[in-house]
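Following: one structure in structure tokens, then a few remarks.
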Amino acid sequence: MALVFRTVAQLAGMSLSLLGWVLSCLTNYLPQWKNLNLDLNEMENWTMGLWQACVIQEEVGMQCKDFDSFLALPAELRVSRILMLLSNGLGVLGLLVSGFGLDCLRLGERQQELKKRLLTLGGAVFWAAGIAALVPVSWVAHMTVQEFWDETIPEIVPRWEFGDALFIGWFAGFFLLLGGCLLSCAACSTQAPLASGHYAVAETQYLHQHLEMKNTHLKI
């Protein structure tokens with residue numbers, strides 16, 4: 001039973017972590033962190049991401065322009081860029097480290113203690129990647145809510161609202177945290193036995209020794 005739980009936890013943890021990493025990469029580069037709908041011109045919508053701002057018009061389509069200066073961006077967008085890049089990099093590192101710690105990998109199958117450490121380290125790396133993804137999307141969402149309800153801004157001025165990328169980022173961080181937790185649980189569970197081939201060899205050796213001892217007793 002422990003072996004089944006360990007295998008399922010490893011596969012589920014790696015799958016969720018991979019999904020979270022892919023979603024975090026999408027969140028980083030999607031320009032839909034914030035949306036702006038103009039009441040005066042309903043045929044035109046604005047979106048803003050970490051790297052560019054876009055305008056969507058029914059006749060022309062989507063047109064995007066990269067931000068000219070990093071320092072000219074608001075503080076939350078500058079920090080979000082750094083944290084999202086960090087999350088993407090940690091996700092790659094976590095996939096590599098955890099991959100070498102899986103029981104299904106035959107390479108170094110006798111080094112169970114090393115695999116346990118790799119799984120534990122991989123889970124911790126995914127935790128860090130998940131936090132690095134949740135912090136920027138939550139910060140941008142908090143600033144968007146503050147600006148939306150800011151009474152000092154005239155009501156006629158359009159307000160930014162949540163974009164789809166924020167929700168994708170929340171899912172990405174959640175999947176990375178959950179995947180890291182499952183990998184850590186798998187590392188702390190009972191060690192998986194050696195491969196079935198080793199069991200067959202061990203069983204054959206045991207039977208051979210048992211027959212030799214029986215023949216010896218018969219001769220005596």
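The values are calculated or read from the model by the stated rules, or taken from the named source; none is laboratory data. Not measured: the values here are computed from a predicted model. Cβ atoms come from the backbone with ideal geometry, glycine included; neighbour counts cover every protein chain shown. Just so you know, the surface numbers come from the protein's heavy atoms only, side chains and all, with ligands and any DNA or RNA stripped out. Shrake-Rupley method; radii C 1.70, N 1.55, O 1.52, S 1.80 Å.
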Among the residues of segment 165-182, is any in a helix (DSSP H, G or I) and free of Cβ contacts under 8 Å to residues at least 24 places away in the same chain?
yes
Which residue pairs have Cβ atoms closer than 8 Å, lie 6 or more positions apart in sequence or on different chains, and pair a first residue in segment 36-59 that is at pLDDT 80 or above with a second residue that is among the acidic types (Asp, Glu)?
36/161; 37/161; 51/66; 52/66; 55/44; 56/44; 57/44
For residue 76, work out the one condition from (1) touching an Asp or Glu at 6+ places or on another chain (Cβ under 9 Å); (2) under 13 Å from residue 135 (Cβ atoms) it doesn't fulfil.
(1)
Within segment 103-151, work out how many residues are more than 30 Å from residue 6 (Cα to Cα), in contact (Cβ under 8 Å) with a residue 24 or more places away in the chain and open to solvent by 60 Å² or more (accessible area, probe 1.4 Å).
2
Among the residues that make up segment 186-208, is at least one of them at pLDDT 90 or above, small (Gly, Ala, Ser) and either open to solvent by 80 Å² or more (accessible area, probe 1.4 Å) or under 32 Å from the mean Cα position of the chain (by Cα) (or both)?
no
Filtering segment 97-133 down to residues that are at pLDDT 90 or above and polar (S, T, N, Q) yields 98, 120
